[in-house]
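Below: one structure, written as structure tokens.
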Amino acid sequence: MQSPEYSSDSQNLAINGNLEYVYRFPGVSCNACNATYGGSRILALEAPPQIQNDPRFRSRWPISEQEHAAMQQEVAGYLDADCAAFQTFKPGDNFQPAYYDNQTVPDADFLWPNIRSFVVSERMKRIVFDGLVGDVEIVPVKPRKIGKRNDSGLPSGLDSGHPETLIEPYYQILVRAESDYPKGGAPISICAVCKHEAFDDEKRELVMHEEMWRGQPIFLLRTTLYVIVTEALAEKIQKAGATNVAFVPV
């Protein structure tokens, strides 16, 4: 399942807009395995108030594994939650809220403003995705700059002070289920400290095979951001008349 093809980048942006995450964990530069990396996973968790004015949580610049583990424990303390280092939280993780900007008022059932998640209308959430909780997490987006710019140079949504009134509710769909590793795609090593998985990209075949399926109707092809859905789920979405979504056989 993916976005349709667009005639231009400007058409893509006009239809889908942009989704921004302000608060995040930085990347890591691990002295144990010499890997420097940061992912783009989107958490369903709201950024704790204690980190919202902390510049450490606005940067992707990598820090040492010791500093990173300490930041993870710090956030877990704010949330009163247990924390397994580099498992509960990972380098590059993004916190909510997700701020949605679009110079046009969106009206499609599916929006594709982010490489890590897609966004759906309230209608599509109700018809399709409410029944998939467990395989996905559903989080509202926060409208920020909506509508054409006016004479003041500011988006009309900002002038009103209530951009959320300009559009119907939209929701991020965070796909959590995954397939098994693709052929040749099992990690060749996993760092004991930062849990970084190293792969042999020359051997990894990014193809979905039936034996990799774990029974979920929607899931990610493991080690990728490809969203896979079953034929039955694709038909349900299509019969609902969903707009701005395409399906490609795998």
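Result for the chain in a Gaussian network model with C-alpha springs under 10 Å: among GLY27, GLY131, GLY185, the largest mean-square fluctuation is at GLY131.
A simple charge model with +1 on the Cβ of Lys and Arg, -1 on the Cβ of Asp and Glu and nothing else charged puts the dipole of the stretch 186-227 at about 220 debye relative to its Cα centre. Residues in the chain average 53 Å² of solvent-accessible surface per residue, probe 1.4 Å, ligands and nucleic acids excluded. Close amide H contacts of LEU45 (hydrogens built in the peptide plane, cut-off under 5 Å, sequence separation of 5 or more or a different chain): GLN96.
Listed peptides 108-114, 206-212 appear in the order 108-114, 206-212 once ranked by packing, highest mean of other Cβ atoms within 10 Å at the front. Isolated cysteines in the chain, defined as those with no second cysteine Cβ under 4.7 Å, comprise CYS83. Cross-link reach is defined here as a Cα-Cα straight distance under 30 Å, omitting same-chain residues fewer than 8 places apart; for LYS125 the lysines meeting it are LYS90, LYS142, LYS145, LYS148, LYS236, LYS239.
Dipole size in debye (nearest 20) for the chain around its Cα centre, Lys and Arg Cβ +1, Asp and Glu Cβ -1?
Numbers: 24 positive and 33 negative charges, 50 e Å.
Roughly 240 debye for the chain.
Report summary: the helix-based calculation at 222 nm, which adds -39500 (n - 2.57) for every DSSP H run with n ≥ 4 and divides by the residues of the chain, gives -5000 deg cm²/dmol.
Of the heavy-atom accessible surface of the chain (probe 1.4 angstrom), what whole percent is carbon and sulfur?
50 percent
Modelled label positions at SER8 and LYS195, each set 7 Å beyond Cα in the direction of Cβ, lie 4.4 nm from each other. What whole-number distance in Å separates the alpha-carbon centres of the stretch 169-220 and the stretch 76-139? First find each Cα centre; the distance between them is then 19 Å. Rounded, prolate or oblate for the stretch 14-60? Axes are the square roots of the Cα gyration tensor eigenvalues, ordered a ≥ b ≥ c, and the cut-off for rounded is a/c under 1.5. Judged from the Cα gyration tensor, the stretch 14-60 comes out oblate (a/c at least 1.5, b/c at or above a/b).
In a Gaussian network model over the chain where Cα atoms closer than 10 Å are linked, find which of VAL128, VAL141, VAL227 has the largest mean-square fluctuation. Maximum among the listed residues: VAL128.
Candidate cross-link partners of LYS203 among the lysines, defined by an alpha-carbon separation under 25 Å and a same-chain spacing of 8 or more, comprise LYS183, LYS195.
Taken over the chain, the alpha-carbon convex hull comes to 155 cubic angstrom per residue.
What is the local net charge at GLN11, summed over the other residues whose Cβ is closer than 15 Å to its Cβ (Lys, Arg +1; Asp, Glu -1)? Provide the component values of the computation, followed by the final result.
Numbers: positive: none; negative: GLU5, ASP9, ASP107.
Result for the neighbourhood of GLN11: -3.
Residues in the stretch 167-184 carry Karplus couplings, in order, of 9, 5, x, 10, 9, 6, 10, 9, 7, 9, 6, 9, 6, 6, 4, x, 4, x Hz; the curve used is 6.51 cos²θ - 1.76 cosθ + 1.60 with θ = phi - 60°, and Gly or Pro positions show x.
The values are calculated or read from the model by the stated rules, or taken from the named source; none is laboratory data. Here the structure is a predicted model, which is why all the values come from computation and not from measurement. Here the Cβ is made from the backbone with ideal geometry for all residues, glycine too, and neighbour counts use every protein chain on show. Protein only, heavy atoms only, side chains kept; ligands, DNA and RNA dropped before computing areas. Shrake-Rupley method; radii C 1.70, N 1.55, O 1.52, S 1.80 Å.
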